[in-house]
Amino acid sequence: MHRHLAIVATAAAAGGTLYACHKLEGQLRPLDSSCAAKTVPAAINCLKKSGVTVVEGLRLDSNLVMDTMGMKAAESMPTKKLKSSSGSSRRRGVTISKEQEQQEKMWRLSAIGRYHCRDEDKFDANDMKVLERVEKEIWPVVDEFFRAEEEGMEGVYRSEMQLMTAVPGSTHQAWHKDNRGRGLSIIVPLVDFTAENGGTQLLLGSHESSCPVGSDQGAKVVIAPAGSVVAYDSRTIHRGLGNDTKKGRPALIFCYDRERTPPPGTGTAGSIGTGLQGRVLDIVSKAVGQVAAGGD
Ligand SMILES: O=C(O)CCC(=O)C(=O)O
């Protein structure tokens with residue numbers, strides 16, 4: 001009898017814990033003004049402290065955002081989930097249009113509803129000119145971030161330049177780091193980022209090996225207007241959230257690393273570990289925050 005009671009009590013406690021974790025994971029706290037920087041030196045301080053910053057002083061003007069959305073590559077950007085054209089779909093008789101075939105060549109799927117156009121040969125000469133204009137705008141923060149180290153700009157290279165979109169109905173990405181080594185990633189929203197359309201969520205402080213778990217850190221969502229320059233240390237654990245709206249959420253992503261520490265700097269086991277670490281840090285930091293605030 002006692003054994004049965006113990007089993008029921010244990011199952012109830014486990015169910016309660018899972019429910020509480022699920023509720024905590026669902027909370028989306030916005031990145032607050034402490035991570036917003038008017039100047040590049042202020043941005044470097046935010047990057048040191050929290051691993052992320054929105055560099056307000058570098059925000060792209062609306063013409064450049066429009067030119068980016070007018071790039072040839074952007075014209076073929078998926079606006080909804082593409083039907084799978086894998087072998088099994090073909091066998092099931094799913095027909096794929098020529099346009100979709102073209103789109104699939106340009107756009108690589110990374111998770112449900114997330115598409116990336118990332119190889120430089122996919123951008124034509126005019127697109128490259130627009131991307132170079134954007135890179136010129138973000139360069140001051142890249143330059144100062146690497147010059148803060150003794151090596152300066154030695155061995156620094158652009159490891160990634162991509163146009164991506166999360167279409168309506170896309171799901172959350174797994175928590176991940178762009179690199180185990182120190183580097184800089186920059187996301188430029190091409191529409192306003194909101195919690196609903198899947199703004200980037202970052203675990204503040206997770207770029208440091210001893211990640212602090214406090215209420216002012218933890219997972220925060222970037223809510224920022226189109227053209228914002230969102231910079232984060234590549235070691236910061238982050239993910240793109242799912243898009244629950246009816247419109248796509250396009251963005252540009254630029255990553256810079258040193259040749260001696262190319263991304264991702266880890267294998268499959270490391271990535272799985274980071275995914276778990278992200279979930280645990282997210283839940284624990286929110287629970288700590290709630291206890292500190294005396295909340296429910
Ligand atoms: O879409 C985002 O907000 C984050 C993108 C990202 O982290 C990735 O594509 O690896």
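Quick one: in segment 233-254, which of the residues that are near the ligand (Cβ under 9 Å from one of its atoms) and buried (at least 20 other Cβ atoms within 10 Å of the Cβ) is nearest to Ser62 (Cα to Cα)?
Looking at residues that are near the ligand (Cβ under 9 Å from one of its atoms) and buried (at least 20 other Cβ atoms within 10 Å of the Cβ), I get Ala251.
Any idea which of Ile96, Ile138 is outside any helix (DSSP H, G or I) and among the aliphatic types (A, V, I, L, M)?
Among Ile96, Ile138, only Ile96 is outside any helix (DSSP H, G or I) and among the aliphatic types (A, V, I, L, M).
If the Cβ limit is 6 Å and pairs must be 6+ apart or interchain, which residue in segment 263-290 that is of a type in the set (Lys, Arg) pairs with which residue that is part of a loop (DSSP other than H, G, I, E, B)?
Taking only residues 6 or more apart or on different chains, the pairs are Lys286/Gln27.
Does Thr171 satisfy being in contact (Cβ under 8 Å) with a residue 40 or more places away in the chain and assigned to a loop (DSSP other than H, G, I, E, B)?
yes
Need pairs with beta-carbon distance below 6 Å; first residue without any contact (Cβ under 8 Å) to a residue 60 or more places away in the chain and within segment 100-117, second away from the ligand (no atom under 13 Å from the Cβ) and assigned to a helix (DSSP H, G or I); sequence gap 6+ or separate chains.
These pairs meet every condition: Met106/Lys122; Cys117/Ala73; Cys117/Met106.
In a helix (DSSP H, G or I) and of a type outside the set (Ser, Thr, Tyr), is that true of Gly278?
yes
Residue by residue through segment 96-127, note down the ones that are under 26 Å from Thr53 (Cα atoms) and among the hydrophobic types (A, V, I, L, M, F, W, C).
The answer is Ala111, Cys117.
Being loosely packed, with under 15 Cβ neighbours inside 10 Å and either within 12 Å of the ligand (Cβ to nearest atom) or within 26 Å of Leu64 (Cα to Cα) (or both) is the filter here, so list the residues in segment 144-170 that pass it.
The answer is Tyr157, Arg158.
Here is a yes/no grid of residues against (1) β-branched (Val, Ile, Thr); (2) touching a residue at least 60 places away in the same chain (Cβ under 8 Å):
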| residue | (1), (2) |
| --- | --- |
| Glu135 | no, yes |
| Trp139 | no, no |
| Gly152 | no, no |
| Val156 | yes, yes |
| Val167 | yes, yes |
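Take segment 58-72 and flag every residue that is under 21 Å from the mean Cα position of the chain (by Cα) and not polar (S, T, N, Q).
Passing the criteria: Leu58, Arg59, Leu60, Val65, Met69.
Table: residues versus (1) more than 29 Å from Pro250 (Cβ to Cβ); (2) in contact with a His (Cβ under 9 Å, 6 or more places away or on another chain); (3) modelled with pLDDT under 95; (4) part of a loop (DSSP other than H, G, I, E, B).
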site: Ala6; (1), (2), (3), (4): yes, no, yes, no
site: Ala14; (1), (2), (3), (4): yes, no, yes, no
site: Thr17; (1), (2), (3), (4): yes, no, yes, no
site: Lys23; (1), (2), (3), (4): yes, no, yes, no
site: Leu47; (1), (2), (3), (4): no, yes, no, no
site: Thr53; (1), (2), (3), (4): no, no, no, no
site: Met66; (1), (2), (3), (4): no, no, no, no
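The conditions are (1) within 16 Å of the ligand (Cβ to nearest atom); (2) touching a strand residue (DSSP E or B) at 6+ places or on another chain (Cβ under 7 Å); (3) more than 17 Å from Pro30 (Cα to Cα), and Ser228 fails exactly one of them. Which is it?
All conditions pass for Ser228, except number (3).
Tell me yes or no: at least one residue of segment 117-139 is at pLDDT below 95, under 25 Å from Ile272 (Cβ atoms) and either within 13 Å of the ligand (Cβ to nearest atom) or in contact with a helix residue (DSSP H, G or I) (Cβ under 7 Å, 6 or more places away or on another chain) (or both).
Scanning segment 117-139 turns up at least one residue that is at pLDDT below 95, under 25 Å from Ile272 (Cβ atoms) and either within 13 Å of the ligand (Cβ to nearest atom) or in contact with a helix residue (DSSP H, G or I) (Cβ under 7 Å, 6 or more places away or on another chain) (or both).
Hey, can you tell me all the residues within segment 190-211 that are within 11 Å of the chain's Cα centre (by Cα), assigned to a strand (DSSP E or B) and farther than 19 Å from Pro263 by Cβ?
Hit for segment 190-211 is Gln201, nothing else.
Within segment 95-126, can you find the residues that are closer than 18 Å to Ile187 by Cβ and of a type outside the set (S, T, N, Q)?
Across segment 95-126, the qualifying residues are Trp107, Arg108, Ala111, Gly113, Arg114, Tyr115, His116, Cys117, Arg118, Phe123.
The values are calculated or read from the model by the stated rules, or taken from the named source; none is laboratory data. Small disclaimer: the values here were computed from a predicted structure and weren't measured. Here Cβ is always computed from backbone atoms with ideal geometry, including for glycine, and neighbour counts include all displayed protein chains.
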